[in-house]
Every structure is written in structure tokens, then in C-alpha cells.
Amino acid sequence: MTALEIRPLTPADRAAALAVINEAARWHRDFLPAGEVHDPEMTPEPWEGETRRMNWYGAFVRGRLDAPANQPATAAAKPPSARRRGCGAANAATTPPTRVNPAPA
């Protein structure tokens with residue numbers, strides 16, 4: 001099992017978190033309308049604004065930030081090259097799949 005640590009992010013983690021968020025956004029640009037693509041997706045100013053209204057956490061693998069996420073919105077930004085490791089791999093066996101847009105009853 002990979003050494004996994006999940007902890008709140010600190011101001012010292014900001015640069016690493018922005019790098020992961022922006023890399024993940026670049027991986028997803030082919031799926032977004034042209035008007036929705038921003039590079040970088042997040043800069044220090046919006047990050048600071050988000051920290052005033054949300055708590056940021058990070059999944060660290062061997063001391064390296066692998067996936068930042070915020071609460072209450074918990075979508076983690078991860079490029080495809082980083083999937084199936086860290087918190088995703090650790091929870092895969094016990095977490096049921098979640099439907100983002102459930103079918104109407």
C-alpha cells in the first residue's frame with residue numbers, strides 16, 4: 001500500500017495545489033466549450049478567495065501533494081496520470097459509486 005496522508009492544506013501548500021489544479025484543468029480542456037477554458041484555471045488570488053469560504057485538504061503520497069480538494073465541494077482535481085493511486089485507490093474497495101446526475105424517480 002502506498003503511504004497516504006490526508007491533511008488540511010496550509011499556505012505553504014498553495015503553489016503545489018495550484019500546480020495540480022492547473023495540470024488537471026489542462027487534461028480536461030478537450031471536454032469543455034472553448035469559452036470555458038482558462039489557463040491557468042486558478043491563480044493565487046482566486047485560491048485565497050476560496051480559502052476564505054472553504055477548507056482545503058490534500059492527499060499526499062510519499063510527501064507529494066497528489067490531489068487537492070475543498071469542502072464543502074469535494075471534487076478532487078487529479079490528472080489521468082495520477083488516478084487509481086492515493087485516496088482513490090485506498091477507498092475503491094469500500095466506497096460505492098456515486099451518481100452525479102441521478103435519474104429522476
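Got a sec to turn the phi values of the range 41-47 into Karplus ³J(HN,Hα) couplings, 6.51 cos²θ - 1.76 cosθ + 1.60 with θ = phi - 60°, whole Hz, x for Gly and Pro?
Per residue, the Karplus-derived 3J(HN,Hα) values read 5, 9, 10, x, 5, x, 4 Hz.
With each pseudo-label sitting 7 Å past Cα toward Cβ, what's the N55-R26 distance in nm, one decimal?
It is 3.2 nm.
Let's test the formula: R0 of 41 Å, r as the Cβ-Cβ distance of T10 and H38. What FRET efficiency results, to the nearest 0.05?
Here the calculated transfer efficiency is 0.95.
No lab work stands behind these numbers, since they all come straight from the coordinates. Keep in mind that this is a model prediction, so the values were computed, not measured. A quick note on method: Cβ atoms are made from the backbone with ideal geometry, for glycine too, and the neighbour counts reach across all protein chains shown.
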